[in-house]
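Okay, structure first, notes after.
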Amino acid sequence: MARQEYLYQQAPAAEPSRKARSRPGWARQGWFLLLAFVLLAELFAPFLVWPLRMPRAVLGIVEIALALVVFTTFTYMLKEDRIPRAVLLIIGLTLIWSISPMIEGQSLAATAWGWWGMFKYPLLALFAFLIQGWPPDFARWFFRFCIGLLVFQIIVQLIMLAVGFPIGDSLAGTFGLKGVMQFTMMVFFIVALGLGHWLATYERKTLLLILALGLLGSTLNATKFYLIGAGILAVATLIIHLIRGGQIRQLFIYIFLIAGVAAVFIPIYNSYLVNTLGLRPLQEFLNVETIEGYIFTDGLTGSNDYTYNIGRGLAVTYGWQQIQRDWTTTLFGFGIGTRSQSELLGIRGSVLQEDVYGVGVTTMGTWIQEIGVVGMLVFMAISLWMAGKMFQYARRAIDPYRATLAYGLMLFTLFWPLWQWYHKAWTAGAMMTLYWIAIGYVFNQMYAAGRRRRVGHRADRST
């Protein structure tokens with residue numbers, strides 16, 4: 001198959017209605033204000049705590065914003081007597097993984113807090129899915145907003161650098177002290193959208209801009225994993241392009257282009273790490289002993305604070321060792337909330353109370369203990385199903401920006417195991433907010449189109 005027939009280089013985006021063109025028309029609606037409240041809280045609450053030194057209780061505004069959205073969602077479902085199947089899935093998962101910790105004597109508060117941490121962001125997708133009045137140009141607006149957000153965060157980084165903040169984990173835009181995880185996950189999500197835009201349009205300039213911005217921002221906080229993560233996403237994009245039936249010649253052109261860019265930027269970045277930051281060069285991380293020492297470290301972060309900063313590999317292997325108590329625990333874990341905590345509310349899960357390492361450093365290390373092998377397999381199955389639905393929708397979508405979101409979400413969703421292994425990705429609030437809003441929007445458009453086709457078929461039969 002030569003060239004995919006739906007390429008959008010000549011296909012214009014859907015013409016916005018007058019209401020959509022008048023931005024204040026939908027920007028003043030209640031659903032938009034609620035989602036904007038959540039995103040603004042995720043973006044700026046950490047910055048208020050550090051470096052502006054406001055009390056940590058300010059972070060509670062994030063939970064309040066999310067609680068308002070969840071309350072509104074369930075109120076609407078009860079009012080309209082409309083219960084999406086996703087709610088039944090959440091109820092089923094809750095029943096399976098909350099019974100065990102309650103039987104073992106864990107407090108209801110700890111179980112409830114663990115449930116909230118696991119499902120609060122997916123419930124944003126449910127809220128977005130139920131919205132009836134999405135403007136026709138929302139996908140285009142969302143994609144451009146994400147690029148603008150990345151530019152804004154890098155500007156904040158540069159300002160912080162100019163006023164004397166050192167390069168490192170805390171030079172992370174508005175994400176506060178040690179906010180590099182939040183920043184990096186946001187970058188990977190936007191890079192996935194950029195690659196999705198290339199799959200939908202073959203437009204190179206926007207993709208190169210996003211990749212360059214991601215490299216700049218990641219360099220400012222010394223995130224070496226950016227090159228690996230972006231490279232993996234790029235390889236997956238090329239494979240999807242090949243599977244989809246694109247031109248083989250064009251595929252090899254982009255392979256050589258990526259290789260050329262890497263050949264130029266990696267030595268520059270490597271020199272910057274060594275000469276400016278005094279860090280080890282990248283080639284040292286290719287050594288087996290260095291990789292093992294980095295991934296499986298269990299060293300203390302300081303000489304007197306007794307806080308462990310265990311490696312990502314050790315986090316997973318330690319979690320696996322912990323659930324070997326019996327077959328039931330291996331399969332289903334200790335249950336929801338057993339490794340969750342809230343310093344503000346004074347809540348601490350039952351397993352976490354007895355753990356020598358404290359709070360986990362990765363989502364995978366935490367989840368493998370809470371939901372076990374079966375839970376991880378269920379999550380991966382749901383992720384693959386979502387990615388498959390996104391791929392199907394992207395191939396038939398008429399609007400290029402809707403296809404952009406679908407392809408980008410598919411790419412990001414396929415690599416959830418990588419993001420969960422890399423860091424506490426499920427707590428990266430800004431990325432999770434953008435991701436789940438986009439998921440809800442695309443599924444809304446996907447099933448809305450299906451409903452329109454079914455109505456049309458019934459009308460045809462009646463005539």
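At-a-glance table
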read-out	value
Cβ-based exposure ranking for HIS423, HIS197, in which fewest neighbours within 10 Å come first	HIS423, HIS197
Per-residue HN-Hα couplings for the stretch 43-50 [Karplus 6.51, -1.76, 1.60; θ = phi - 60°; Hz; x = Gly/Pro]	6, 10, 4, x, 5, 5, 6, 9
Order of THR366, THR297 under a 10 Å beta carbon neighbour criterion, fewest first	THR297, THR366
Local net charge near LEU177, Cβ-Cβ under 13 Å (Lys/Arg +1, Asp/Glu -1)	+2
For the stretch 207-215, 3J(HN,Hα) per residue [Karplus equation, 6.51 cos²θ - 1.76 cosθ + 1.60, θ = phi - 60°, Hz, x = Gly/Pro]	4, 5, 4, 5, 4, 5, 5, x, 5
Overall form of the stretch 18-455 per C-alpha gyration tensor (a/c, 1.5; a/b vs b/c)	rounded
Local electrostatic count at ALA387 - Lys and Arg +1, Asp and Glu -1, tallied over other residues with Cβ under 15 Å	+3
Local electrostatic count, GLY117, Cβ distance below 15 Å [Lys/Arg +1, Asp/Glu -1]	0
For the stretch 336-344, 3J(HN,Hα) per residue [Karplus equation, 6.51 cos²θ - 1.76 cosθ + 1.60, θ = phi - 60°, Hz, x = Gly/Pro]	5, x, 5, 10, 10, 7, 9, 5, 5
Ranked list, fewest to most other Cβ atoms within 10 Å of each Cβ, for VAL180, VAL442	VAL180, VAL442
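We did not get these values from a lab; they are worked out from the coordinates using the rules stated. Predicted model, so just to flag it, every value in this text is computed and none were measured. Methodologically, a virtual Cβ is constructed for each residue, glycine included, from the backbone with ideal geometry; neighbour enumeration extends over all protein chains shown.
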